[in-house]
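Below you'll find the structure, written out as structure tokens, and then a few comments.
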């Protein structure tokens, strides 16, 4: 049985946050939501979040701050940045900085679903890789 993943949505605009939460509720994930970097840090200190959907900027920081944070979080979540005005240079910069995926508004449910599927697959592959590196085998 697959274990449900925890996903965090961090958007300043309430309608965008609600729409994204609604899209995620149809998937097999637990959804948390917030609107500031301080709230993100608080959630990440208490929950093992697999994936964060984050606006490019929040009232007290940006996705760059999230990438630079040296918090003792339970694992490193994959970060999907949501740009309001997506320029190619910003997209490339975000990927070079280490984000998992970049989306632009309006966000489409298929893009959200694909990001969740890719994040789960990526996490599972990383776990299998760590197990094989330790010499553990299935069955």
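The values are calculated or read from the model by the stated rules, or taken from the named source; none is laboratory data. Everything quoted here is computed from the prediction, not taken from an experiment. So basically every Cβ, Gly included, is an ideal-geometry build from the backbone, and we count neighbours across all protein chains shown.
I'm checking my understanding of the structure. Among residues of segment 61-110 that are buried (at least 17 other Cβ atoms within 10 Å of the Cβ) and part of a helix (DSSP H, G or I), which one is modelled with the lowest pLDDT?
My answer is 66.
Restricting attention to segment 35-60, which residues are farther than 18 Å from residue 103 by Cα and surrounded by fewer than 20 Cβ atoms within 10 Å (Cβ to Cβ)?
Passing the criteria: 36, 38, 39, 41, 42, 43, 45, 46, 47, 48, 59, 60.
Sort out which residues of segment 34-55 are free of Cβ contacts under 8 Å to residues at least 60 places away in the same chain and in a strand (DSSP E or B), and write them in order of number. Let's see the steps before the verdict.
Just the residues of segment 34-55 that are free of Cβ contacts under 8 Å to residues at least 60 places away in the same chain, to begin with: 34-49, 52, 54-55.
Hits for segment 34-55 are 34, 49, 52, 54, 55.
So which residues in segment 1-24 are over 15 Å from the mean Cα position of the chain (by Cα), assigned to a helix (DSSP H, G or I) and surrounded by fewer than 17 Cβ atoms within 10 Å (Cβ to Cβ)? It would help to see each step written out before you state the result.
First, pick out the residues of segment 1-24 that are over 15 Å from the mean Cα position of the chain (by Cα): 1-3, 12-16, 18-19, 22.
Those left that are additionally assigned to a helix (DSSP H, G or I): 14-16, 18-19, 22.
Hits for segment 1-24 are 14, 15, 18, 22.
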